[in-house]
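Peer 1: This is the structure I have questions about; it appears just below.
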Amino acid sequence: MHLTQDLELFPEYTVIQLLFKDVKNATELRKMAVNGEIKGALINPSMVVDALQILVAANKAVHLHKNGKMKTRSLYSEIIFNLSPTNNISEAFKRFGISDSDSAVHIVLVHNKDETLSIDNIISKVDGQQVAVDRVSDLTDVAKIKKLYKVAPQEEKCGSLLDAVVCRMATKDVA
């Protein structure tokens, strides 16, 4: 149900992704994340095209964390920020973080292999149905994503929506 991947550039880190639908306690989950009771990024899955998008954001966050160059206060807020095509932190949280009315949540955990992590503890806090992470596209709002990332129709003729999104995420600091 969950997706576990080691970061190639940082083999001591593992990224775990969990996806839930029919979530009834988004408000409580958001509060737990803010208070540090959930050590993870809580993302609105309607803004996620594919799990690779999350992996790219997490990899970049770990890189910036290790180099002391993060623009936000925590690794998990940096993941949310890295999903955004802009450099506006509050806008990134509005668009990619979960809101009280959300009925689905994509949870991203990054942990050092030296540390122990209880996935069951996090799963138990979510009042919703866990689904396979590869089903995230069922929850994706393609129109919103195309508008936010300014994806032109001709761009999709030579690549996928995921390609366009990841390209913008990777190059936002270059411009």
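The values are calculated or read from the model by the stated rules, or taken from the named source; none is laboratory data. Being a predicted model, the structure only gives us computed values, none of them experimental. FYI the Cβ positions are ideal-geometry reconstructions off the backbone, even for glycines, and counts take in every protein chain you see.
Peer 1: If I go through segment 63-89 residue by residue, how many of them are in a helix (DSSP H, G or I) and in contact with a helix residue (DSSP H, G or I) (Cβ under 7 Å, 6 or more places away or on another chain)?
Peer 2: The qualifying residues number 10.
Peer 1: Let me ask something else about it. Which numbered condition in (1) touching an Asp or Glu at 6+ places or on another chain (Cβ under 9 Å); (2) within 26 Å of T27 (Cβ to Cβ) is the only one that L75 fails?
Peer 2: Failing condition for L75: (1).
Peer 1: Now for a separate question. Tell me, which residue of segment 84-120 that is without any contact (Cβ under 8 Å) to a residue 12 or more places away in the chain and among the small types (G, A, S) is farthest from G36 (Cα to Cα)?
Peer 2: Of everything passing the filter in segment 84-120, S90 is farthest from G36 (Cα to Cα).
Okay, residues lined up against (1) hydrophobic (A, V, I, L, M, F, W, C); (2) in a strand (DSSP E or B); (3) modelled with pLDDT under 95:
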| position | (1), (2), (3) |
| --- | --- |
| P11 | no, no, no |
| L18 | yes, yes, no |
| G36 | no, no, yes |
| L52 | yes, no, no |
| D100 | no, no, no |
| S103 | no, no, no |
| D114 | no, no, yes |
| L117 | yes, no, yes |
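Peer 1: Kindly provide the set of residues from segment 21-49 that are under 17 Å from Q130 (Cα atoms) and either within 10 Å of the chain's Cα centre (by Cα) or crowded, with 22+ Cβ neighbours inside 10 Å (or both), ordered by number.
Peer 2: Passing the criteria: A26, L29, G40, A41, L42, I43, N44, P45, V48.
Peer 1: For K125, state whether it is basic (K, R) and modelled with pLDDT of 95 or more.
Peer 2: For K125, the condition - basic (K, R) and modelled with pLDDT of 95 or more - is met.
Peer 1: Here are V151, V174, V165: which of them is of a type in the set (A, V, I, L, M), modelled with pLDDT of 95 or more and not in a helix (DSSP H, G or I)?
Peer 2: V151
Peer 1: Quickly run through segment 61-83 and pick out the residues that are among the small types (G, A, S), closer than 18 Å to I38 by Cα and free of Cβ contacts under 8 Å to residues at least 12 places away in the same chain.
Peer 2: Correct list: S74 only.
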